[in-house]
Each structure stands twice: as structure tokens, then as C-alpha cells.
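The structure appears right after this line, and notes come after that.
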There are 2 protein chains.
Amino acid sequence: MTETGSSVEFGYRLLARDGAARRGRVTTAHGAIETPAFMPVGTAATVKAMRPADVRATGAEIVLSNTYHLMLRPGAETIARLGGLHAFMAWSGPILTDSGGYQVMSLAQLRKLDEDGVTFKSHIDGSLHKLTPERAVEIQDLLDADITMQLDECPQAGLAKDKVAESMLMSLRWAERCRKAFRERPGYALFGIVQGGVFDDLRRESARALADMDLPGYAVGGLAVGEGQDEMFRVLDVTTPEMPDNKPRYLMGVGRPSDIIGAVMRGIDMFDCVLPTRSGRTAQAFTAGGTVNLRNSRHREDPRPLDPACGCPTCATFTRAYLHHLFRAEEMLGPMLLTQHNLCHYQNLMAGLRTAIEEGRLAAYAAEVEARERAGDLEPLGAIAGGR
Amino acid sequence: MTETGSSVEFGYRLLARDGAARRGRVTTAHGAIETPAFMPVGTAATVKAMRPADVRATGAEIVLSNTYHLMLRPGAETIARLGGLHAFMAWSGPILTDSGGYQVMSLAQLRKLDEDGVTFKSHIDGSLHKLTPERAVEIQDLLDADITMQLDECPQAGLAKDKVAESMLMSLRWAERCRKAFRERPGYALFGIVQGGVFDDLRRESARALADMDLPGYAVGGLAVGEGQDEMFRVLDVTTPEMPDNKPRYLMGVGRPSDIIGAVMRGIDMFDCVLPTRSGRTAQAFTAGGTVNLRNSRHREDPRPLDPACGCPTCATFTRAYLHHLFRAEEMLGPMLLTQHNLCHYQNLMAGLRTAIEEGRLAAYAAEVEARERAGDLEPLGAIAGGR
């Protein structure tokens, strides 16, 4: 366990409102986070294809890393001996770690889940591991995460209500066990996770019970698992009003730009998602005009930047033709440049949302973003050059 | 064909000597190159895993790119329409392109070689192509290469002397055809390539015949193909004295640091090799203490920089433990960081050689480099921490 000797208290300051949307600031031992904020995912202690300084340059102030992956490789104790995750991955800003529960259910083999916790085999080497609420907190302490997530169970989509209720109640008991296990330090926080599937009363019950525990922050889990955007927004509509106004609210694993905009309008402050990074590795670009597949042959001789509206280093330096070439030739620079662009695109969206809330024009901003996206990608070159 | 409108004449200026070693400066349409110089290899218009600005930051002033790869994908005419290779890959400095001949012989299928040129099938899509001396020059003109290499034939190691002589004479005839095809422009140059295998008289004959053509620069080809360092140095000993003193000399495809040092001591000015980049992708590091394999488990909890003597961003920022983790987890950041270090290591070596020649202490510098390498890698951590 690494001590930073921080004297900064963890906290959330509400700076402005626009409807249910909140413009705020989260303070942590490793720095402040302007919210609404997007957290790039650094699964194995690296935001794939990005140097830490490049991640910071996109505008990101906090990264997320995965307990499940790190506990298996290189191991939480190893990272602790090396000075904690900030030193290990050379990221000096705040870090949020998930609890590992979600990845255990999606990646590990031979899972056995009961009240005590979950036993599983590593997908890397088949070794046996056990994750309990207490061990999940201990691991995140060893990693020196600024924000520790409680261990929870994320039920599959489509599960019957009684099963979802059972699971939600166990997650509440696990939240209480995590609270007891969590070692209080200035600038560090434990977040509880609201569960309850798509059932309004279960979501409300979960949110209220967690609020009673007076944790430093709260997440909404179990969404973006296939229920669709309308259903997700409906759940947020009933959930966020039950969440304390003076604590940050984090929607886990979300999402596409339109998901983020809608969730911000419903009072969410923090997001994480693999979409910008994963898409960047598979030639899928996020642009003002929507998603663009750079493997498409229409880009082959296109001398224009990927997104003329974007000021990122990729758009300032390279053409669509070159990015197309890099992906066709399977060159590593393709994923590097496109990940950088996609992360910039997400961070620019968050900056736009923050400014719009401050100026009380969030609805207009959201409509502008949507209109630009609906207008679609750049006209094909032929339409410009006259049938080239 | 892109016109830069350069008014700089291509040329070589000899600034200092130390024995046979030369400290010089090559001027080109896209800038000057301090020699001895190492050219990172950017096969498919990208130095793998490196942004162009990162390549420049290692100290590289010129990159090499491969005619064979670019003629097949995206095609020389495509790159010309996009403004040439400098604009395409966003490298504003000088570029040398090889002729494609070497890769045709090592990568292409169904090769048919005769006096006219070489016909082959693409290793990418099986399409049929022909490379003649004239077409090789035309392609490099379309690419806008500052330095164009003549088409030559590089005979396999171990070939009988009469076959090597035949091949060398054809390469001379091809050099003459390239000279006629080459379009003179200020700041651009055609290099001839000395061949002749390991036969002293053939090497001398080739070097003298090329010198008579009064080309702007010369390369030594057909070495580092398995003949061994001693044999390579012996060939250089008989070849470089026959090469004009007022033209740059380029040893193609070489090599390890000790190869470069020995070749500089024999009067070579320019080098290219895939070793620092390719090794960087396979966890092999070049350090002051020799090569280090970062996959080795001894690095697992080593908090020290890869090379404490190195000032590169990788060594300034990350630990051996982290680099080890990245390669074990097959994270793209591993190749990115290690390629950057290896290229810095090579460029630092070249800078050291240049300074040593200026100061007339090349032999001492070479001995120091060799002594440090012989001292080996850092002591294991246990030896420091007392049997940890």
C-alpha cells in the first residue's frame, strides 16, 4: 500500500446546473477531474496504443484500469511493490479501478458465485482465484486507486425480476462489506454501485439503500448490456433522482456519444467505455459527421483530414488516404493515430458538454451535435473535384 | 512528380577525418544530414510503431522507405497524386528509397530476371509487376525520394565467382540505364551500388566503373547477407578506398552497433537497418551493456530504467518491470516504447561517432563502447538489494 501523503479530501463540487445536468469538479489525491468526464480505459495498466503523455494531451484527466486483469498479471502485490499503479504505468493523474466482478463474469472460466464472493480460473493461465468484497477492496488499495469500486454482481440482461432483486440485494450486502474493508485516506474514495436491472422499484431501492451508507460516490451499473438506449435512459430517469446531489455519479461502461449526451442530460458525471480505443484499433473513427470506416476504399486517394472540424494531432497531420493505407497494410501506426483521434473526439465532446452546461445551453448543444452527425460524413471527393 | 522548387544542390561536404573515418554533411532538397548517419527503415511509408515526430525526436534526419512495398501498396502513382512520399507520411526531412530489387528477390513470388529487368508476382495479391532500371527510377521519382537508388542485383551469399562477376557487370549496365533515366533536379541524387560479393577484384572493378559514371553518391550492396563481420570488414577495406572521396558512401542494410562502428572506421557515411525497429517489436533492447530481452522474468519486479545511461523518453519514464509487463500482456505500447528506445540508442551511437571523429578520438570511443558492452547488462536486483 503506497501512501501519497495527500492532504486533499476527496469530494464533489457542483459548479453549475442545466436541467438535471451537472457541471462539477471531483477532487482526488492525484488531482481534480472536471465533470462531466470521460475516462479512457487502460485495461492492463495501459490505454492501448497510447503513451500516458498522449492520453493526457487528449484532455483526459482520469483513466480507468481493470482489477481483474491486473490481479492476474502482473499481480496487485507486484504493482504495490513497484510503488502502485500511478508509478507503474507512469500516469500521475487520478485512477479509478473497477472491482473485477464484471470481467470475472465475462472472461474467467469455471466461475462459482455465492454470498461470500466469486471463485474463478484465470483466462490467462487457468490458475484459481477468489474475489470477495474484502479482497476486491484490498487489491484496489494495493493498486493505489484513487477511486475504488465496490464488488457487485451485474446480472445478465433478460433475467427474471426475482433473480435481479436477489442479485441487487447481495450487491448491497457486498457494498456494506466493502465499506467496512475500505481504508480511509484523504483523497481516496469508495463508490457504491446501483443495480436492479430494468426494474424501476429495484433501481430506486438500490439507490436509496446505497445513499444511506453515505459513500463518497456512486455508480450506475448493469446498463449498456443490451437493453437499448431508450430503456437505459428510462432507468436513468428513475435512478439519478434517488442519488445524492452532493456526490459524483458514474455510469459504468457507457458508451456511444449519443448515450453520453443523454446520460449527462439525466445527471450523470462520469463515464468509461472501450469504444473509442477499441474502435481505433479496428479502423472505426468517431467524427463530427458520425462513424467512418477507414478501411473503405473510398478513402484511398482522399487527401483530406479524417475530421476537418477536429484539431487533434492525427487530423492536423495526416490524410484519410494515409490512414486508409496504414490499416490496409496492417501497420501499428494506424491504431495509434486513430485511437488518439477517437479519444480526442470523446474529450472534445465532454469539454463541449461542460461548456454548454455552464452556459445553460445544453439542449441546443446536444441538438447541434446530433444535427452535425445526421448530416453525415464528408461528401465523396468526386462530388468536389467534379467526377474525378 | 512533385516539384519542391528546391534551390539546394545535392552534395557532400567533408568536415573532419579520423583515419579512414569521415565526419560530413549531405545536403538534399529536404534538408541536411549529418554523417555518419543512421536511417530508420520506414518500409510501408511508416517507421513501424512510431509517429514521424517521434522518429525526428530520436535524432534521425533521414528515413528510408521501400520501393517494392510502396509500388504494390498503395502504388507509386497514388502517392504522387497525394503530393509525394513526404506529404503522404508526414515526414518533411530527406527520404532515401531503395530500388525494390532486394525485396523482389526476398519477398516476391515467381521471379524472372533477365537483362531487361525483373518480373514478379506481388506477395500481397499475386498481381504481376515488372521492375526495370528505368521503372525503378520512375517510381522513386513519383515517390519524390531525395535519394534514388539504382536497380541492382544482389547475388546470394556463396555464389561462384563467375556468377557474381556476371551479376556485378549487369548491375553496372543497370546503373548506366538508371543514370540516363534519372531526372536531374536540384537537391536530388541517384546513388550507384557497388557489388561483387566477397571478391576483392570484383569489388574494385565495380567501384571504379561506378566512380567513372560520376554519380552523386555510392552505396555498398550485397553485404550483411551472411558472410560474417570479419569478411564484411575485409570487403570494405578493399572497396571504400576505390570510392570517390567527395561523395557520400552508404552501406546498405547494416547493421548491429559493432558493424556500424567498424564500417565508420572504414569510411562509410550512411547506414540503414531494420534491427532497432524489428527488435523493438520483439522485446529485444539495445543498451550500453548489450542486448537485453525484456520478456525475461528477471525483469518482473525491476524498478530500474532499461538503460540508466540513456536519456530517451522510454528510459526517463518507465521501468523494466513495466516494459516486461507490456510484452507479457502483448500490449502495443511495448513495441512502441522499445522501438523508440532502440532508435534513440542507434542515433546516440551515431552522434557519439560524429563527435569522436571531430575530436580525433574515434578509436578510443569505439573501445569505450565495446568495453561498456562487454561489461554486460545491469547486475540483477538481488545483488543490489542483498538477496531479495
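The values are calculated or read from the model by the stated rules, or taken from the named source; none is laboratory data. Quantities reported herein were computed from a predicted structural model and do not represent experimental measurements. Here the Cβ positions follow ideal geometry from the backbone for every residue, glycine too, while neighbour counts run over all protein chains shown. Only protein heavy atoms, including side chains, enter the accessible area calculation; ligands, DNA and RNA are left aside. Shrake-Rupley method; radii C 1.70, N 1.55, O 1.52, S 1.80 Å.
Using a 1.4 Å probe on protein heavy atoms only, how many Å² of accessible area do A and B hide from each other, summed over both chains and rounded to 100?
3400
Which of rounded, prolate or oblate describes chain B when judged by the alpha-carbon gyration tensor and an a/c cut-off of 1.5?
The shape class here is prolate.
With r as the distance between the Cβ atoms of B:Ala316 and A:Leu15 and R0 = 30 Å, compute the FRET efficiency 1/(1 + (r/R0)^6) and round to 0.05.
0.25
By per-residue mean of other Cβ atoms within 10 Å, what is the highest-first order of A:232-241, B:368-377, B:115-124, A:85-94?
My ranking of the peptides, most packed first, is A:85-94, A:232-241, B:115-124, B:368-377.
Compute the accessible area per residue over the protein assembly as shown, keeping the other protein chains in place, probe 1.4 Å, unit Å².
37
Give me the net charge of A:Leu159's neighbourhood, meaning all other residues with Cβ under 12 Å from the Cβ of A:Leu159; Lys, Arg count +1, Asp, Glu -1.
It works out to a net charge of -2.
Are there cysteines in chain A with no second cysteine's Cβ under 4.7 Å away, and if so, which?
For chain A, the answer is A:Cys154, A:Cys178, A:Cys273, because their Cβ atoms have no other cysteine Cβ under 4.7 Å.
Can you give the average number of partner chain beta-carbon atoms within 10 Å of each beta-carbon in peptide A:38-51, as a whole number?
Per residue, the number of nearby Cβ atoms from other chains is 4 on average.
Whole-Å semi-axes of region A:255-344's equivalent ellipsoid, largest first, each the root of 5 times a Cα gyration tensor eigenvalue?
Over the Cα atoms of region A:255-344, the ellipsoid semi-axes are 25, 13, 11 Å.
Hey, how many Å between the Cα centroid of region A:282-349 and the Cα centroid of region A:172-242?
The distance from the Cα centre of region A:282-349 to that of region A:172-242 comes to 36 Å.
Compute the distance in nm between two label points, each set 7 Å from the Cα along the Cα-to-Cβ direction, one at A:Ala363 and one at A:Val274.
About 3.8 nm, to one decimal.
So, with a 1.4 angstrom probe, what is the percent of accessible area on the protein assembly as shown that is carbon and sulfur?
Whole-percent figure for carbon plus sulfur exposure: 50.
Starting from the Cα of B:Lys180, step 7 Å along the direction of its Cβ; do the same at B:His129; then give the gap between the two resulting points in nm.
Those two pseudo-labels are separated by 2.5 nm.
At a 1.4 Å probe, which residues in region B:292-313 are at least 50 Å² less accessible with all protein chains present than in their chain isolated?
Those residues are B:Arg300, B:Glu301.
Provide a whole-number value for the mean count of partner chain Cβ atoms within 10 Å of the Cβ atoms in peptide B:326-338.
The shielding value for this peptide is 5.
Could you rank the peptides B:103-109, A:165-171 by their average count of other C-beta atoms within 10 Å per residue, with the highest value first?
The densest-packed peptide leads the list: A:165-171, B:103-109.
Using alpha carbon centroids, what distance separates region A:45-103 and region B:350-375, in Å?
40
Using alpha carbons only, what's the Rg to Rh ratio of the protein assembly as shown with Rh from Kirkwood?
Expressed as Rg/Rh, it is 1.04.
Placing a label point 7 Å from Cα toward Cβ, how far apart in nm is A:Asp200 from its equivalents in the other copies, listed shortest first to one decimal?
Its label point is 9.7 nm from the equivalent points in the other copies.
Please give every one of the lysines within straight-line cross-link reach of A:Lys112, meaning a C-alpha to C-alpha distance under 23 Å, and leave out same-chain neighbours fewer than 8 residues apart.
Partners found: A:Lys121, A:Lys130, A:Lys161, A:Lys163.
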